[in-house]
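Working notes, structure below.
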Amino acid sequence: MEFVYQLINFLLLAALIWIFARKMIVSIFANRSERINTALDEAERIEQSDMQLPQIPDAFKEEVSPTILEEAHEIRRLAEAEKENIRQQTEREMYGMRREMLTGVKDVFIHKMITRVTELIQTEPYASQLRAKEAEFAEMIMERMEVTPGDMAYLRRSDVLYITLTSAYPLAQEIVDEIGRRATEMLEQIGGKPSYWVKVDPDLIGGLRFRVGDTVYDCTVADRLYLLRHELEKREIHGDEDAEQIVADLLHGIMTMKHGVNEFQLGRVISVSDGICWLDGLADIMYGEVVEFECGERGMVLDIEPDRIGCVIYGKYEHIESGSRVRRVGRIASVPCGDALLGRVVNPIGQALDGKGRIWTKERRPIECKAPSIPDRSAVFRPMHTGIKAIDALVPIGRGQRELIIGDRQTGKTSIAIDAIINQKGKNTVCLYVAIGQKDTTIVDIREKLAKHGAMEYTTIVCAPASSSASFQYIAPFAGAAMAEYFMYAGRDVLIVYDDLSKHAVAYRELSLLLHRPSGREAYPGDVFYLHARLLERAAQLSAENGGGSITALPIIETQAGDISAYIPTNVISITDGQIFLDADLFNEGQRPAVNVGLSVSRVGSAAQTKLMKQVSSRLRMELAQYRELAGFTQFGSDVDAATKRILDAGERMMSALRQNRYEPLPDWKQVLLIYAVAEGYAAHISPAELDRFAEELYVYFETAQPDTVEMLRRGQKMSDQDKACLNAALSAFGASMGEVS
Ligand code: ATP
Ligand code: MG
């Protein structure tokens, strides 16, 4: 009975306290939230005003509790960070605007210069001076004249070779006859006949142009101006130069014919459609050479047939007409290379896309290049840490290796690659992210994330988004590889990500079908295997005699419904040295990164791990595979024996330990420590959901209380029995300290 009275008393007391104290508590919280709101409003006002952040007044400090003061400090810190952000962004925008303005100024300036020179040269005394030089020009041309292999091939199929003499003004008959006689002689020597045409074309402005077959010997003012335009475009121009002086220099250059005869080859456009064009002429052009169309666009030769040449157009093709001229530039398609590319976003031909102005580099490298030969390489022997536990422990990647990241859409493929790039910070590694067929927004997001984590400093993004032409998407990975090779041959380590090669194969299929190549399996062209093989073969670990540089390649492939035996996935799997398979089911279960341990493999394996990691993780793979299998069996049944339950619990705990958020790469020693602790049962009393906290406390404890053990783990050497005993003791001590806290 007494107990009942006590209970009633207690309840009455509790009710009274609740009624009166609630008011107090509510008022305290209201007060607090009001103060926080005031502080937030203040911070907002500060941001919007002139960004001067006032100090927190002393009176305020005394009046409020330390927690509110702390919050106010935090808000102030955030506002300061935001202020800095805005400042940097404004600076970047200003820089971009300045560069854009300068480019605009430059275009206008060049146009003005060229127009002025054109006007001047058509007036006296220049016009008559040029005419007086016509005989001299003819002599210069005749010295250079020769028959090319292309002309000979043409002569074999046809009786005559067309030769044309064009001049700005009607020429003296002696000059015409002399050139005709010399050309006929030259052709007769190889058993051919000329078909000689003489034309007048005022568009040439001055001088003469002689064409034998495809080859043009040019001594005209129009050509000089064309070259001068290119020269001026390469120069830094700010708009405040001495225009009169530049005009005088240009005139002088033209009148003295400083450059002599310009020799190049001209072909003709037969037809153009869907970014592809067919050319006539240019018989001895090479695969991969660059050609320039009359409108200034450029393209690259991708197909050589007996009577026509197929080429892809880099940019817009609306202005290219059939019948128009196309000029051989005289070099293989190449991209600029060098440190100037770091931190930049470029298109596959090396032009800046980030509004930070033109990229000035001394060197260029051809986009197609032979991979290093076997004697030039050495075996993969250094690890390339991604900072992701599930990968560094189970599918380790070595420098110089090619590891495929494969999985369905939205399973975290890109995230793994980006984390690997972020983890290279401070490791003297250059990174390249090649985006093929990605959405523009995705690429912008990636760039921002990389910049935020300080990774843009050593990274270049080569960008061929879904909106770009198939030819750009086709070239992008080769361009990226060329940029990477520059660093590798300079003895540096490079990490290159191709995101993703499925879209690359699709772009290549599009080009091939447009080029009328027969389609093969799944409509891909027959050489799609060769396409990816020659790309990925360029990743290598060079031997010490060759500088010891390396390119590690992480190609990405998207599968459909987990089908890794489709055509393109099997191709790339067989080319690479292993794959990280991301499982959509695991991803949906919340396991991130969703690495499927059973289907992932790294064929370089042990060489790419530190001895310590190898020692710690050697049994892990087996155990996890066993766990997955058992988990599959037991998911419908409830009663399992004790041994099975133990395996299931340990497996589940290990899977939880391998979970990791994005952008949080973990140093090697922390990975080893956590995996060891979980595998050896030091976390047996921790529920999988609490493992994150356990891990955090573990790292903090070791950093503060066990510096010697951390040092031992950092060295990465195999643990002796004594080391193991030390580590076990330290872990036990940690367990005890946790027990005390809880
Ligand atoms: P796509 O096929 O579209 O290219 P993807 O396979 O490259 O996709 P991601 O874009 O990397 O996948 O990631 C897909 C989603 O999964 C993203 O929203 C990302 O936030 C999430 N995600 C990926 N990895 C993790 C992780 N470790 N932790 C939490 N979320 C993750
Ligand atoms: Mg992706």
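Only the coordinates and a few stated rules stand behind these numbers; no lab work does. Quick caveat: nothing in here was measured; it's all calculated off a predicted structure. Positions of Cβ are generated from backbone atoms using ideal geometry, with glycine treated the same way; all protein chains shown enter the neighbour counts.
Residues of the stretch 414-439 that are assigned to a strand (DSSP E or B) and more than 13 Å from ligand 2 (Cβ to nearest atom): T429, V430, C431, L432. Only one entry in I446, I461, I405 is within 10 Å of ligand 1 (Cβ to nearest atom), assigned to a strand (DSSP E or B) and either under 11 Å from the mean Cα position of the chain (by Cα) or buried (at least 22 other Cβ atoms within 10 Å of the Cβ) (or both), namely I405.
Confirm whether T411 is within 16 Å of ligand 1 (Cβ to nearest atom) and either surrounded by 24 or more Cβ atoms within 10 Å (Cβ to Cβ) or part of a strand (DSSP E or B) (or both). It is true that T411 is within 16 Å of ligand 1 (Cβ to nearest atom) and either surrounded by 24 or more Cβ atoms within 10 Å (Cβ to Cβ) or part of a strand (DSSP E or B) (or both). Hey, any hits in the stretch 489-499 for a residue that's assigned to a helix (DSSP H, G or I), charged (D, E, K, R), on the phi < 0 side of the Ramachandran plot and surrounded by fewer than 24 Cβ atoms within 10 Å (Cβ to Cβ)? Scanning the stretch 489-499, I find no residue that is assigned to a helix (DSSP H, G or I), charged (D, E, K, R), on the phi < 0 side of the Ramachandran plot and surrounded by fewer than 24 Cβ atoms within 10 Å (Cβ to Cβ), so the answer is no.
Of the residues making up the stretch 360-402, just one is polar (S, T, N, Q) and within 16 Å of ligand 1 (Cβ to nearest atom), namely T386. You will find that of V710, V672, the residue that is touching a helix residue (DSSP H, G or I) at 6+ places or on another chain (Cβ under 8 Å), in contact (Cβ under 8 Å) with a residue 60 or more places away in the chain and at negative phi is V672 and no other. Scanning the stretch 289-342 for residues that are small (G, A, S) and either free of Cβ contacts under 8 Å to residues at least 12 places away in the same chain or farther than 30 Å from D354 by Cα (or both) returns G296, G310, S322, G323, S324. In the stretch 556-596, the qualifying residues are those that are within 13 Å of ligand 1 (Cβ to nearest atom), in contact with a helix residue (DSSP H, G or I) (Cβ under 9 Å, 6 or more places away or on another chain) and in a strand (DSSP E or B), and the one that is farthest from L536 (Cα to Cα) is V595. When restricted to residues that are touching a residue at least 24 places away in the same chain (Cβ under 8 Å) and within 29 Å of the chain's Cα centre (by Cα), the stretch 518-529 contains 4.
With respect to being away from ligand 2 (no atom under 16 Å from the Cβ) and surrounded by 22 or more Cβ atoms within 10 Å (Cβ to Cβ), L341 fits the description.
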